[in-house]
Amino acid sequence: MFSYLLRRLLYAPFIIAGVMLITFVLFFVVQSPEITAKNVLGKRANPKTVQDYLHKRGYDKPLFLGIGRKKPGQAGNGIFDTIFFNQMRSLAVFDLGVSDVSGRELKEVFREGAIPSLLLTGPAFVAGFFMAVGFALFLVFVRKSALDTGGVILCVALMSVPPMVYIIFGQAVVALALNYFPAFGYRLQSWSDARFLLLPVSLMIVISLGSDARLYRAVFLEEISQDYVRTAQAKGVSNTRLLMVHVLKNGMIALITYVVAQLPLLILGSLLVENFFGIPGLGNTLVAAIQTSDLAVIRSTTFLTAILYIVGLTVTDICYAAADPRIRLS
Amino acid sequence: MNFALWFQNFATIAGLGLVAWIVIHGTRSERWQRAWSRLRQDRIGIAAGIVIAIYLGIGALEMIEMPHGKYGSISILGWLTQGVPIEKSYSAPWASTSLSLSKPEKLKGWHLLGTDALGKDTFIESLRACRTALLIGGITSAIYVPLGALFGIFAGYFRRWADDIIQYVYTVIYSIPEILLLISMLVVLGKSIFNMSLALAVTAWVSLCRLIRGETMRQTERPYIAAARALGQSHWNIIVHHLLPNVMHLVLISAVLGFSHLVLAEAMLSYLGVGSPIGTPSWGVMIDGARGELGREPLVWWNLISATCALFGLVLSLNLFGDALRRAFDPKRG
């Protein structure tokens with residue numbers, strides 16, 4: 001088991017390097033920094049302003065290697081003083097740099113956005129997980145009946161509605177027309193302000209319920225065809241106990257793979273929900289960055305979440321190995 | 001009518017022909033015949049299949065252009081709906097006057113689902129948006145399905161370094177959250193239908209490749225592959241004549257289910273402002289427009305509802321049809 005974990009841990013840096021390379025190629029090679037600068041400063045920007053902008057961020061250096069003849073006015077001393085190596089160096093120590101548009105420190109931006117995002121996604125994730133597991137168990141309990149078929153079709157139908165329609169509808173009907181909840185805004189002062197989050201959280205649960213319940217149902221059905229279930233049935237274990245104890249416990253091991261890896265991604269929040277309800281989380285920051293084409297924000301968010309996800313996957317493997325003795329032995 | 005439009009017509013017919021060819025060709029294999037006889041008894045599956053065929057038909061009507069006037073061209077759907085006039089602005093379904101509290105004007109025609117901000121008939125716009133959804137799903141599938149299936153077979157059959165490389169590439173892509181990678185690519189590449197298909201293909205092949213890799217590994221353990229190797233068959237022959245037919249049904253199922261995901265992704269990306277270019281009839285763009293319309297007085301709800309229903313119908317029937325296919329091919333697990 002130790003060598004397995006060691007292999008997993010050693011694999012992670014290689015994947016992070018790959019992610020770095022992809023983001024670099026996308027944001028510096030496919031779209032050159034000059035175009036980025038023009039997008040931010042406007043098409044008719046003064047060439048001097050563009051040059052200053054590029055120089056301030058170190059984008060006027062050579063792309064990969066600082067060898068060969070330099071273009072007039074190009075910065076960079078030495079072979080390794082290039083955009084590529086500077087980016088890699090700063091990303092490796094989590095120095096995210098500044099926003100392309102506002103010039104704010106990105107670390108600050110992320111620190112501020114993380115809490116509202118987590119307040120939104122955390123409760124939604126926990127409640128949504130239990131509801132999906134409960135619904136899936138119910139479907140497994142009534143398996144091979146019309147109720148089961150109907151439930152699965154309901155799940156598929158829930159999945160087939162685009163997420164923004166739920167949000168538009170929730171905001172228009174529940175908040176604006178019926179006036180049960182505030183339709184917009186976010187405040188963090190007292191417990192009564194939880195009402196700002198109630199509607200967004202419930203919408204997030206509805207959005208993911210269909211696909212989650214369907215997936216968990218498949219996992220539990222897979223579990224129920226195992227030999228130990230037949231043994232338990234032969235011993236006279238009741239159907240309820242069989243599901244709630246035997247199948248649920250073993251099915252949870254399989255659910256770990258889906259769930260633990262998602263945990264670090266909660267910090268990203270939800271692009272659509274946050275944008276709609278004006279919650280100042282990371283998702284909202286990202287939508288704003290798309291609208292102002294702030295590539296630095298998009299780049300660092302992509303990079304950060306990828307790292308978090310890789311951490312999540314590695315932790316998943318460790319949990320899996322800890323929970324399932326079969327993995328430990330092989 | 002220029003060359004590009006003729007090419008578009010040709011590509012449309014070729015694409016539909018390809019789908020028909022896969023189905024007809026597939027029915028030669030015994031596994032497919034058994035699945036077909038099971039599918040015929042699946043009422044939900046058949047109904048979903050018919051709905052998909054209707055959507056495909058509408059999409060094709062909008063895709064095929066014919067000469068119109070002296071130099072121009074018009075799609076068949078556009079030609080069929082020529083009689084529906086364009087109004088000045090919003091009008092409610094079935095209404096006879098335009099939607100204005102102060103000065104309602106008499107409408108030029110009758111509109112089943114009302115009209116949008118530019119006075120276009122909402123029902124016809126939702127039908128025309130089929131084309132965008134099917135186009136993006138079609139181009140993306142045409143790119144990612146062959147690549148994902150082949151890479152999966154290569155990784156599962158050759159193992160060792162081929163497996164290592166393919167696994168590394170897809171782990172890297174997989175570790176970037178899908179929506180972020182899509183947004184990053186589209187922000188950089190710019191809005192267009194082709195760019196969107198390209199970006200979606202980059203993220204979509206991963207899951208197919210993993211699935212096919214696993215199944216290929218299972219298949220290569222079976223005696224028939226060992227027998228083919230012992231008889232001196234080339235790698236290429238084994239892959240094309242033995243492995244591919246045995247994983248083809250999985251490719252078909254995940255292509256159908258993946259298609260529904262692509263249609264949803266198109267709407268979502270258009271909504272976020274990195275998807276379909278403005279002016280393209282697209283469900284995502286229509287839903288995006290509904291944000292402002294719901295705040296209006298009187299309420300404009302028909303654009304949101306018709307776009308959502310059209311999108312929902314396609315995605316739901318693709319999902320149900322995919323599930324029915326899975327049940328038909330693999331009755332024990334379905």
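Assorted remarks:
- Solvent-accessible surface of protein heavy atoms, probed at 1.4 angstrom with all chains present, puts A:I224, B:I22 in the order B:I22, A:I224, largest first.
- Stokes-Einstein D for the stretch B:1-120, Kirkwood Rh over Cα pairs, 20 °C, 1.002 mPa s (µm²/s): 118
- When the charge dipole of the protein assembly as shown is built from unit charges on Cβ atoms (+1 for Lys and Arg, -1 for Asp and Glu) and taken about the Cα centre, the candidate among A:L263, A:I310, B:I86 whose Cα reaches farthest toward its positive end is A:I310.
- Charges were assigned to the Cβ only: +1 to each Lys and Arg, -1 to each Asp and Glu. The resulting dipole of the stretch A:194-330 about its Cα centre is roughly 420 debye.
- Computed about the Cα centre, the dipole magnitude for the stretch A:83-125 is approximately 80 debye when only Lys and Arg (+1) and Asp and Glu (-1) carry charge, each at its Cβ.
- Relative contact order (%) - criterion: Cα under 8 Å, at least six apart; region: chain A: 23
- Here chain B is assigned +1 on the Cβ of each Lys and Arg and -1 on the Cβ of each Asp and Glu. Its dipole about the Cα centre then comes out at about 820 debye.
- Rounded percent of accessible protein surface that carbon and sulfur make up, the protein assembly as shown, 1.4 Å probe: 66
- Counting heavy atoms of the protein chains alone, B:S29 has an accessible area of about 50 Å² for a 1.4 Å probe.
- Tilt relative to chain B, helix B:302-329 - C-alpha long axis, 0 to 90 degrees, to 10: 20
- In the complete set of protein chains, residue-level accessible area for B:C309 is approximately 80 Å², probe 1.4 angstrom.
- For B:L112 and A:Y4, a Förster radius of 56 Å and the Cβ-Cβ distance give a FRET efficiency of 0.35, rounded to the nearest 0.05.
- Chain B, helix-only ellipticity at 222 nm - DSSP H runs n ≥ 4, -39,500 (n - 2.57), divided by all residues, nearest 500: -23500 deg cm²/dmol
- 0 to 90° range, to nearest 10: angle between helix B:244-272 axis and chain B longest Cα axis: 30
- Cα gyration tensor shape of the protein assembly as shown, rounded if a/c is under 1.5, else prolate or oblate by comparing a/b with b/c: rounded
- Distance between the stretch B:216-234 and the stretch B:101-137 - C-alpha centres, whole angstrom: 57
- Distant-in-sequence amide contacts of B:M66, defined by a placed amide H-H separation under 5 Å and a gap of 5 or more residues or a different chain, comprise B:I74, B:S75, B:I76.
- In degrees, nearest ten, helix B:193-220 long axis to first principal axis of chain B (Cα): 30
- Rounded to the nearest 10 Å², the accessible area of A:R241 at probe 1.4 Å: 130
- For chain B: lysine pairs under 15 Å (alpha-carbon distance), excluding those fewer than 8 apart on one chain: 5
- Bridging of A:K144 to aspartates and glutamates at a Cα separation below 20 Å is possible for A:D212, A:E222, A:E223, A:D227, B:D42, B:D323, B:D330, once same-chain residues fewer than 8 apart are set aside.
- With contacts taken as Cα pairs under 8 Å at a separation of at least 6 residues, the stretch B:171-250 carries a relative contact order of 25 percent.
- Counting Cβ atoms of other protein chains within 10 Å of each Cβ in A:150-162 and taking the mean gives 5.
- Shielding of B:185-196 by partner chains, average beta-carbon count, 10 Å: 3
- Solvent exposure, largest accessible area first (probe 1.4 Å, DNA, RNA and ligands not counted), of B:S126, A:S202: A:S202, B:S126
- By the helix-only formula, in which each DSSP H run with n ≥ 4 contributes -39500 (n - 2.57) and the sum is divided by residues, chain A has a 222 nm mean residue ellipticity of -21000 deg cm²/dmol.
- Charge dipole (the stretch B:212-295, unit charges on Cβ, about Cα centre) - positive-most of B:M217, B:T280, B:V263: B:M217
- Peptide A:213-226, shielding by other chains (average Cβ, 10 Å cutoff): 1
- Positive-pole candidate from A:L203, A:G236, A:A213, dipole of the stretch A:192-238, charges at beta carbon: A:G236
- Heavy-atom accessible area ranking, 1.4 Å probe, most first, across B:E62, A:E105: A:E105, B:E62
- Contact order relative to length of chain B, as percent, for alpha carbon pairs under 8 angstrom and 6 or more apart: 21
- Whether chain B is rounded, prolate or oblate, judged on the alpha carbon gyration tensor where a/c under 1.5 counts as rounded: prolate
The values are calculated or read from the model by the stated rules, or taken from the named source; none is laboratory data. Quantities reported herein were computed from a predicted structural model and do not represent experimental measurements. Using ideal geometry, Cβ is built from the backbone for each residue, glycine included, and neighbour counts are taken over all protein chains shown. Surface areas here come from the heavy atoms of the whole protein model, side chains and all, with no ligands, DNA or RNA. Shrake-Rupley method; radii C 1.70, N 1.55, O 1.52, S 1.80 Å.
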